[in-house]
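Every number here is computed from the coordinates shown, using simple stated rules; none is lab data. Source: prediction; values computed, not measured. Note: ideal-geometry Cβ built from the backbone for every residue, glycine included; neighbour counts use all protein chains shown.
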Amino acid sequence: MATLATMQDLLVDELRDILGAEKMLVKALPKMEQAASNPNLKMAFRDHLQETERQIERVQRALERLGVPAQGKECKAMTGLIEEGQEMIDNDGNDAVRDAGLIIAAQRVEHYEISAYGSAIEHAELLGLNEVADLLEETLDEEKRTDEKLTALAEDEVNTVAVMAGNGGAQRNA
């Protein structure tokens, strides 16, 4: 357990938590891509994997700028979110309905990350660590765009197909 004597200690702890979360997500995204049936959803997960790998590098650079080792810690929140995503992957049933559920699981992750990055940015700015804040802001912007893409994909394609498929459409191919 970390000692939190200063706001910088808290920022370091936050960044290590974020780093652990992002590393867990790198392992989960390929499973989500494989489980998705919608080609655009598959592509969204694939693209976000590449983006997440760059985000890990940014968090590592932020930790290095703070003069601490760039190591993550277990992120219990991400553990739970990924477990919920795995439940969605493991569900039998209609592919289109599963795709809608995968978007829900992915957006829960995005909302967690948006919150985590937003807090870390605020703390970095309070401490006058503008370079760290700038690194994190770049990632926050990406997380927000990913959330918007997922919303658009759900609204424009996936949810409508899921509703139609759920009323007698095709079942998942095993």
>> Considering only residues that are within 17 Å of ASP17 (Cβ to Cβ) and among the small types (Gly, Ala, Ser), which ones fall in region 101-132?
In response: SER115, ALA116, GLY118, SER119, ALA120, ALA124
> Any idea which of (1) outside any helix (DSSP H, G or I); (2) within 17 Å of PRO39 (Cα to Cα) is the one ARG98 doesn't satisfy?
Replying inline: (1)
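Going by what's in this entry, would ARG46 be described as within 19 Å of ASP141 (Cα to Cα), charged (D, E, K, R), in contact (Cβ under 8 Å) with a residue 60 or more places away in the chain and assigned to a helix (DSSP H, G or I)?
So ARG46 does not fit the description; no.
Closer than 19 Å to SER119 by Cβ and in a helix (DSSP H, G or I), is that true of LEU41? Explain how you work it out, then say what you get.
Numbers: closer than 19 Å to SER119 by Cβ: no; in a helix (DSSP H, G or I): yes.
The answer is no for LEU41.
One line per residue, one yes/no per condition, for (1) touching a residue at least 40 places away in the same chain (Cβ under 8 Å); (2) buried (at least 20 other Cβ atoms within 10 Å of the Cβ):
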{"site": "LYS73", "(1), (2)": "yes, no"}
{"site": "THR79", "(1), (2)": "yes, no"}
{"site": "GLN86", "(1), (2)": "yes, no"}
{"site": "ILE103", "(1), (2)": "yes, yes"}
{"site": "GLY128", "(1), (2)": "no, no"}
{"site": "ARG145", "(1), (2)": "no, no"}
{"site": "GLU155", "(1), (2)": "no, no"}
{"site": "ASN159", "(1), (2)": "yes, no"}
>> Restricting to region 130-139, name every residue that is in contact (Cβ under 8 Å) with a residue 24 or more places away in the chain, under 15 Å from TYR117 (Cβ atoms) and surrounded by fewer than 19 Cβ atoms within 10 Å (Cβ to Cβ).
In response: GLU138
> LYS144: touching an Asp or Glu at 6+ places or on another chain (Cβ under 9 Å), among the basic types (Lys, Arg) and under 20 Å from LEU4 (Cα atoms), yes or no?
Replying inline: no
> Quick one: is ARG61 under 26 Å from ALA165 (Cα atoms), among the basic types (Lys, Arg) and in contact (Cβ under 8 Å) with a residue 12 or more places away in the chain?
Replying inline: no
>> Anything in region 71-101 that is of a type in the set (Val, Ile, Thr) and closer than 18 Å to SER115 by Cα? List them, or say none.
In response: THR79, ILE82
